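I have placed the structure first, in the form of structure tokens, so that the comments after it can refer back to it.
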Amino acid sequence: MKKVFSYCLVAVFLFLLVSPSILKADVQFGLRVGGNSAKLTGNDLEDIEATVKSKIGFVGGIFLAFNLGKMITIEPEILYTMKGGTVEDTTGEYSEKIYGDYLEIPLLIKVKIPLPGIKPVVFAGPAVGFKLREKYELNGEELPLEEKILKNNDYGAIFGAGLDIGRHFMIDVRYSLGLQKIITAVEEGTSPDVKNGVWSATIGIAF
């Protein structure tokens with residue numbers, strides 16, 4: 001499933017790059033930066049008697065905006081993003097923190113209302129992530145990783161809304177819905193149902 005998703009994303013990206021509409025588009029390069037509130041999700045976390053807490057982190061990177069007229073924009077991005085979360089038992093005496101930093105590549109389709117000045121925007125699209133590093137803490141103590149806990153890749157979908165202020169400034173709020181089970185297999189052929197979920201607020205500057 002992961003490979004199919006990745007191949008489809010690459011195929012769509014390549015198709016868009018060579019399509020006549022993209023070749024005629026008004027193209028802008030931009031920088032995006034913001035903050036994350038990441039949390040682990042999944043059925044296996046819902047079935048245990050524990051509290052799942054969020055991790056506050058950073059997100060930032062670059063994007064290309066292919067403006068197809070006044071309403072539609074195709075926007076591929078390359079972002080550094082921090083994910084993961086904390087699981088504590090009900091007494092607060094036991095806690096596990098699993099953090100992962102990723103290079104994430106979303107491909108977003110944006111629809112904006114062409115108002116003068118400030119334009120409301122909604123957007124959605126797939127995303128693929130590649131793990132850069134991971135960190136594990138048990139009861140507040142960071143432990144060295146003899147074997148990896150997180151898988152090397154992640155994928156999901158992004159949904160969001162925001163405002164384009166003029167031509168060069170934008171703000172948005174987005175949710176990254178993880179679709180990949182991110183924990184490596186505990187037993188051969190099995191993997192816990194634990195996924196990434198991330199709320200982000202970003203500011204973008206386009207040139």
Checklist entry - On full extension of the chain, what length is gained from Val111 through Leu177, given 0.36 nm per residue of separation minus the C-alpha to C-alpha distance? => result 21.8 nm
Checklist outcome for this item: Rounded to the nearest 0.05, FRET efficiency between Ser37 and Lys70 (Cβ-Cβ, R0 45 Å) equals 0.85
Checklist entry - Say each of Asp44 and Ile78 gets a label point 7 Å from the Cα, pointing the same way as Cα to Cβ; how far apart are those two points in nm? => result 3.3
Checklist entry - What angle do you read, to the nearest 10 degrees and between 0 and 90, between the alpha-carbon axis of helix 2-18 and the longest principal axis of the chain? => result 10
Checklist entry - Sorted by average packing, counted as other Cβ atoms within 10 angstrom per residue and highest first, what order do 68-77, 116-125 take? => result 68-77, 116-125
Checklist entry - Quick one: if you stick a label point 7 Å off each Cα along the C-beta vector at Ile118 and Ile165, how many nm between them? => result 0.8
Checklist entry - With respect to the cross-link table entries Lys119/Lys195; Lys110/Lys148; Lys39/Lys131; Lys53/Lys181; Lys112/Lys195, which display a Cα-Cα separation exceeding 28 Å? => result Lys119/Lys195; Lys110/Lys148; Lys112/Lys195
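For a quick protection proxy, order the peptides 26-35, 104-113, 89-98 by their average other-Cβ count within 10 Å, most packed first.
104-113, 26-35, 89-98
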Checklist entry - Ranked from highest to lowest mean number of other Cβ atoms within 10 Å per residue, what is the order of the peptides 53-61, 175-183? => result 175-183, 53-61
Checklist outcome for this item: All alpha-carbon distances of region 2-206, grouped into 10 Å bins from 0, give the whole-percent distribution 8, 33, 31, 17, 9, 2, 0
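Read-outs: derived from the displayed coordinates by stated rules, not from any lab. Everything numeric here is computed off the predicted structure, so don't read it as measured data. Please note: Cβ atoms are built from the backbone with ideal geometry, for glycine as well, and neighbour counts cover all protein chains shown.
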